[in-house]
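Notes follow the structure.
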Amino acid sequence: MNNENKSIHEFDFNLICEYFSNVERQGPGSPEITIKVLSFIDNLTSESRIADIGCGTGGQTMVLAQHTSGEITAIDIFPKFIEQFNINATQLGFNNRVKGIVGSMDNLHFKDEELDLIWSEGAIYNVGFEQGINQWHKLLKKGGYLAVTEASWFTDERPTEINDFWNDAYPEIDTIPNKVAQMQKAGYIPVATFILPENCWTEHFYMPQASAQEIFLKKHAGNKTAEDFIANQRHEMKLYNKYKAYYGYVFYIGKKI
Ligand code: SAH
């Protein structure tokens with residue numbers, strides 16, 4: 001591809017998309033956890049309307065599709081992810097009821113009270129947890145569910161290095177009780193909250209990236225942007241291994257009152 005006429009921003013964007021299109025998931029999670037979360041959700045039928053926001057290439061969406069019978073609309077801002085998503089849905093035979101659409105989570109096309117379930121793994125931080133849960137609330141039917149993962153602190157205090165890293169990356173990271181209070185304030189009954197187990201980060205997120213990184217670095221040898229990007233990914237992984245007692249992803253499941 002000729003990148004001469006592209007802005008550096010666009011080039012970064014394409015590189016990041018290319019890298020993450022080659023792994024099963026773009027955030028921590030696992031099929032077992034998706035299934036576990038569904039066990040808390042009691043309103044689903046074949047008539048249900050489900051949205052998966054920030055779906056990526058659909059790792060979790062396909063598991064949702066296997067374990068529900070309603071219609072799933074999945075939204076992501078990156079067209080390349082949606083392209084891969086729709087290929088995956090077709091290959092698994094879900095294309096009649098699972099659709100990937102390019103769109104932004106801060107401007108969703110759903111009607112008020114249209115949805116039975118809003119799902120979002122590792123993505124709500126893009127609009128911010130509090131803004132996301134408040135904006136999406138109106139899209140849910142009464143009695144509908146919200147199930148989202150969000151980076152959260154496990155303790156009130158933590159080492160400076162990891163505190164500074166997150167305050168720079170996502171200052172809205174907060175403790176679990178504070179996130180639950182935000183949910184309650186936004187009009188959801190907090191149904192369940194649990195910390196994603198470590199294998200959601202290691203086995204399902206970081207391990208598949210190891211070989212993807214080798215391939216990516218070979219392909220883009222000498223490209224400083226690509227090398228910096230991978231160095232960044234590796235740094236994040238090291239921080240996770242060092243400080244996983246202090247933070248992680250938490251699943252927050254709420255029911256609209
Ligand atoms: N749910 C997937 C992907 C998580 S990564 C998984 O768990 O594997 C976060 C995703 O949010 C990326 O796919 C990114 O493209 C998407 N995203 C970022 N900003 C967005 C926005 N404004 N609207 C919709 N999707 C967005």
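The values are calculated or read from the model by the stated rules, or taken from the named source; none is laboratory data. Fair warning: this is a prediction, and the values are worked out from it, not measured in the lab. Using ideal geometry, Cβ is built from the backbone for each residue, glycine included, and neighbour counts are taken over all protein chains shown. Calculation scope for accessible area: heavy atoms of the full protein, side chains included, ligands and nucleic acids excluded. Shrake-Rupley method; radii C 1.70, N 1.55, O 1.52, S 1.80 Å.
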Going by what's in this entry, would residue 122 be described as assigned to a loop (DSSP other than H, G, I, E, B), within 16 Å of the ligand (Cβ to nearest atom) and buried (at least 19 other Cβ atoms within 10 Å of the Cβ)? yes
Selection within segment 225-257 - touching a Leu at 6+ places or on another chain (Cβ under 7 Å), of a type in the set (Ser, Thr, Tyr) and at pLDDT 95 or above: 249
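So which residues in segment 191-210 are touching a strand residue (DSSP E or B) at 6+ places or on another chain (Cβ under 6 Å) and in a loop (DSSP other than H, G, I, E, B), if there are any at all?
196
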Pairs, please: C-beta under 6 Å, at least 6 apart or cross-chain, first residue under 13 Å from residue 146 (Cα atoms) and in segment 108-120, second among the polar types (S, T, N, Q) and open to solvent by less than 20 Å² (accessible area, probe 1.4 Å)? 116/48
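Of 43, 96, which residue is assigned to a loop (DSSP other than H, G, I, E, B), at pLDDT below 95, of a type in the set (S, T, N, Q) and away from the ligand (no atom under 16 Å from the Cβ)?
Numbers: 96 fails: at pLDDT below 95.
From the options 43, 96, the qualifying one is 43.
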Quick one: residue 83 ticks every box in (1) of a type in the set (Asp, Glu); (2) in a helix (DSSP H, G or I); (3) under 25 Å from residue 128 (Cβ atoms) bar one, so which box is it? (3)
